[in-house]
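These notes concern the structure reproduced below.
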Amino acid sequence: MPVITFEAGAMSEDVKAELLTRLTDVAVEVTGIPKHLYFVSIHELPDTHIAVGGLSVAEIKRNLQSKQT
């Protein structure tokens, strides 16, 4: 049984649902392995526990939101 693990910061339920579907669909398309054999797991971490370039994801999200307004 193939396993797909996706690890990221906080996401909405809609985003997680779409990831589950689309990750599976792409893997099926690429490998030819039947959809019902895939196990997909989403590991959600708090935005304050992940950093890129020394900034937490929470800080990055705040910076992006302030630039959009």
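The values are calculated or read from the model by the stated rules, or taken from the named source; none is laboratory data. Please read these numbers as outputs of a predicted model, since none were measured by experiment. For neighbour counting, all protein chains shown are included, and Cβ atoms are generated from backbone atoms with ideal geometry for every residue, glycine included. Side chains are part of the model used for accessible areas, which takes the heavy atoms of the whole protein and leaves out ligands, DNA and RNA. Shrake-Rupley method; radii C 1.70, N 1.55, O 1.52, S 1.80 Å.
For the chain, take the longest principal axis of its alpha carbons; what is the angle in degrees between that and the long axis of helix 13-31, to the nearest 10 within 0 to 90?
Approximately 40 degrees, to the nearest 10.
Roughly how many Å² is the accessible area per residue of the chain, as a whole number, for a 1.4 Å probe?
Numbers: 5170 Å² over 69 residues.
In whole numbers, the chain has 75 Å² accessible per residue.
If the chain between residue 36 and residue 69 were fully stretched, how many nm would it gain, using 0.36 nm times the residue separation less the Cα-Cα distance?
Values: separation 33, 0.36 × 33 = 11.88 nm, distance 4.32 nm.
Fully extending the segment from residue 36 to residue 69 adds 7.6 nm.
For the chain, give the share of DSSP beta bridges that are antiparallel, in percent and rounded to the nearest 5; count only bridges with both residues there. Please list the in-between numbers first.
Values: 2 of 8 bridges.
In the chain, DSSP labels about 25 percent of beta bridges as antiparallel.
Between residue 60 and residue 3, what is the label-to-label distance in nm when each label sits 7 Å out along the Cα-to-Cβ direction?
The modelled label-to-label distance comes out at 2.5 nm.
Sorted from largest down, give the three principal axis spans of the alpha carbons of the chain, whole angstrom values.
43, 24, 20
How much length, in nm to one decimal, is gained on full extension between residue 44 and residue 15, taken as 0.36 nm per residue of separation minus their Cα-Cα distance?
Details: separation 29, 0.36 × 29 = 10.44 nm, distance 1.18 nm.
Going from the current span to full extension adds 9.3 nm.
Under a straight-distance cross-link criterion of Cα-Cα below 19 Å, which aspartates and glutamates are reachable from residue 61, leaving out those fewer than 8 residues away in the same chain?
7, 13, 14, 44, 47
Over the chain, what is the relative contact order in whole percent, taking alpha-carbon pairs under 8 Å and six or more residues apart?
Numbers: 64 pairs, mean separation 27.5, N = 69.
Relative contact order comes out at 40 percent.
For residue 44, what is the net charge nearby, where nearby means another residue's Cβ is under 15 Å from its Cβ and Lys, Arg count +1, Asp, Glu -1? Don't skip to the answer; put the middle values down first.
Values: positive: 16, 61; negative: 7, 13, 14, 18, 47.
With Lys, Arg at +1 and Asp, Glu at -1, the net is -3.
What are the residues whose amide H is under 5 Å from the amide H of residue 4, where those residues sit 5 or more places off or on another chain and H is modelled from the backbone?
39, 40, 41
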